[in-house]
Amino acid sequence: MMFQVGEQTEILDAFEVDVECLLEALYLRWGYDFRGYSRASLRRRVARYIADAGFERVADLQHELIRDQARCQHFVRGLTVNVTDMFRDPQFYAVLRQRVIPELRSHPFIKIWHAGCSTGEEAYSMAILLQEEGLADRSVIYATDINSKVLEQARKGIYHERMLGNARENYRLSGGRQRFDDYVSSGYERFMMDGALKKNMVFTTHDLVTDQVFGEMQVVICRNVLIYFRRELQARVLTLFHQSLDLGGFLGLGIKESLSAFPSPSSFRPIDADVRLFQRMD
Ligand SMILES: C[S@@+](CC[C@H](N)C(=O)[O-])C[C@H]1O[C@@H](n2cnc3c(N)ncnc32)[C@H](O)[C@@H]1O
């Protein structure tokens, strides 16, 4: 089978062809569209799912996915990579504090969208930042992900205590004004985020590939999601973010991500290129 990736044509091996068929089937039957995702990680995940679930061939999995919606949802949850952290890349949050917060102060109401928020640590980091800067009461954080299971955990805001050391350190490095522990209660090897932080947070499923714009945002954060997308899909999703942002709004990407796939990169100016923070100019 010949497969077109941008300008190049690849010849696929049998397993890779099976995966292509499976992705088509998933889309045609249930509307989940992973066809624009980078294949390396996707293929590894399919291979692991097949081994773990005891299927012999991709075709057997495909047969079942077409017929069993619960199996399909389970499979889709296994396709996404959900690694995240509190104040991940602390410098990103330091720059938000120094460069973005002062501009947000002039807004009577602030809308922030965390797209691909996984288990919510990123959104809670933002909630802490807004609280410390006195902006929490006039802000709303929309935290979305394609994976309903990770969103369940995000809503609860409960994490294993082994994450606590790293969270404290990242918070400190990000310029945190208090102690990270002031925002959590601990017990039973878990820590839970303070209920006050959740007051203005909305957790909801949203698929960046198939769902619509989240309008009139002052800030869109989508970190470590585009790396799993091929260039054409990156372009579509960056266009979605551009449409979702108010003029002058801010876009934060992951450290390994860029605007290079976006059809008109000059629509954004870099606020801090190192941490991939941009501002919409037109
Ligand atoms: C590696 S995590 C990144 C989490 C967080 N943004 C961070 O940087 O730590 C990638 C997240 O993107 C989500 N994701 C993948 N495809 C998506 C899509 N089409 N729409 C929305 N979220 C998606 C995954 O479910 C996963 O939770």
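The values are calculated or read from the model by the stated rules, or taken from the named source; none is laboratory data. None of these values were measured; they are calculated from a predicted model. Please note: Cβ atoms are built from the backbone with ideal geometry, for glycine as well, and neighbour counts cover all protein chains shown. SASA here: full protein model, heavy atoms, side chains in, ligands and nucleic acids out. Shrake-Rupley method; radii C 1.70, N 1.55, O 1.52, S 1.80 Å.
Here are the numbers:
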| read-out | value |
| --- | --- |
| Cα centre as origin, Lys/Arg/Asp/Glu Cβ charges: the chain dipole, Debye | 480 |
| Charge-dipole axis of the chain as Lys and Arg at +1 and Asp and Glu at -1 on Cβ define it, positive-most pick from V209, L240, Y37 | L240 |
| Rel. contact order, % - alpha carbon contacts under 8 angstrom, at least six apart, the range 2-79 | 27 |
| Dipole magnitude (debye, nearest 20) for the range 176-282, charges at Cβ of Lys, Arg, Asp, Glu | 160 |
| Accessible-area ranking of E257, E189, largest first, probe 1.4 Å | E189, E257 |
| Radius of gyration, Dmax [the range 80-154; alpha carbons; angstrom] | 12.7, 37 |
| Inter-probe distance in nm under a simple model that places probes 7 Å from Cα toward Cβ, at Y49 and R179 | 4.4 |
| Listed residue (Q62, F75, L26) projecting farthest to the positive dipole end of the range 2-79, Cβ model | F75 |
| Value of [θ]222 nm, deg cm²/dmol, for the chain, DSSP H segments ≥ 4, -39500 (n - 2.57) each, nearest 500 | -11500 deg cm²/dmol |
| Residue-span extension gain [E24 to I66] - 0.36 nm each, minus C-alpha spacing | 14.1 nm |
| Of every Cα-Cα pair in the range 2-79, the percent that sits beyond 15 Å | 54 |
| Cα centroid of the range 204-273 to Cα centroid of the range 20-70, whole Å | 27 |
| Rounded FRET efficiency, nearest 0.05, which uses the C-beta distance separating R269 from A40 and R0 of 25 Å | 0.20 |
| Mean separation of Cα contacts under 8 Å, 6 or more apart, over the residue count of the chain: relative contact order % | 17 |
| FRET efficiency, 1/(1 + (r/R0)^6) with R0 51 Å, evaluated for E56 and I227 via beta carbons | 0.95 |
| Point-to-point label distance, K199-H107, nm (Cα→Cβ direction, 7 Å offset) | 1.9 |
| Whole-Å distance, taken between Cα centres, linking the range 127-162 and the range 79-98 | 12 |
| Accessible-area composition of the chain, carbon plus sulfur, in percent [1.4 Å probe] | 49 |
| Accessible area per residue, Å², the chain with all protein chains present, probe 1.4 Å | 48 |
| Descending principal axes extents, the chain, alpha-carbon based, whole Å | 56, 50, 27 |
| Residues whose placed amide H lies under 5 Å from that of F229, excluding near-sequence neighbours | S38 |
| Interchain or long-range residues, amide H under 5 Å from V220's placed H | W113, F250, L251, G252 |
| Among E20, E64, E133: highest mean-square fluctuation, GNM of the chain, C-alpha pairs under 10 Å | E64 |
| Relative contact order, percent, the range 127-282 [alpha-carbon distance under 8 Å, six or more residues apart] | 20 |
| Computed lengthening from H74 to M163, 0.36 nm per intervening residue step minus Cα-Cα distance | 29.5 nm |
